[in-house]
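The values are calculated or read from the model by the stated rules, or taken from the named source; none is laboratory data. Given the structure is predicted, the values throughout are model-derived calculations rather than measurements. With ideal geometry, Cβ positions are generated from the backbone for all residues, glycine too; neighbour counts draw on all protein chains shown. All accessible areas refer to the heavy atoms of the entire protein, side chains included, with ligands and DNA or RNA removed. Shrake-Rupley method; radii C 1.70, N 1.55, O 1.52, S 1.80 Å.
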Amino acid sequence: MHLRLTVNDAQHSAACRPDTRLLDYLRETLGLTGAKEGCGEGECGACAVLVDGVLVNSCLVPMGQLDGCRVQTVEGVPAESPLRRAFAAHGGTQCGICTPGMLMAATALLADHPHPDLAEIREGLAGNLCRCTGYTRIYAAVAAAAEEAAAQTHETHSRVG
Ligand code: FES
Ligand code: FES
């Protein structure tokens with residue numbers, strides 16, 4: 001089948017079987033290897049991306065469902081974003097396998113809850129497993145990124161006002 005989709009703001013015309021996994025299309029066809037295959041069964045979140053702003057496990061999403069959709073992967077999260085910098089600054093990444101999925105889950109969380117408390121952060125990242133960090137540093141990174149984003153917004157509004 002042929003379908004059109006947008007990946008990180010670039011338009012693509014894909015020719016593939018409808019049961020091709022989004023994860024394979026991203027990694028093998030587009031060379032976007034940020035999303036990782038952990039379990040391949042929807043259990044770990046290492047392959048998480050956003051489809052039309054919704055967090056999904058790309059190992060479970062067939063390309064046949066994506067005509068006209070907008071996909072964001074970790075490559076679409078700018079290096080200078082508060083989230084990426086906070087993960088580095090707070091030790092939110094060790095081996096790094098879970099990190100792309102964590103960043104996408106956190107992106108979705110902060111879009112819905114710009115000022116999350118710890119319970120909301122835990123819930124927002126509940127579908128993403130990490131075997132290295134014990135999660136505490138990841139939660140701290142997300143909280144710090146939220147604070148920085150809020151401060152940036154406040155500063156922008158102050159300047160405009
Ligand atoms: S690889 Fe997709 S959820 Fe684990
Ligand atoms: S940093 Fe290794 S699995 Fe999370």
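Scanning residues 5 or more positions from residue 125 or on other chains, none has an amide H under 5 Å from its amide H, with H placed 1.01 Å from N in the peptide plane. Net charge dipole, the chain: roughly 280 debye, given to the nearest 20, about the Cα centre with Cβ charges of +1 for Lys and Arg and -1 for Asp and Glu.
Each of 18, 91, 127 was scored by the projection of its Cα onto the charge dipole of the chain, and the greatest displacement toward the positive side belongs to 91; charges sit on the C-beta of Lys, Arg, Asp and Glu. A straight chain from residue 13 to residue 157 at 0.36 nm per residue would run longer than the Cα-Cα distance by 47.9 nm. Residue 158 sits with roughly 70 Å² accessible to a 1.4 Å probe, with DNA, RNA and ligands left out of the calculation.
For the Cα trace of the chain, dividing Rg by the Kirkwood Rh returns an Rg/Rh value of 1.00.
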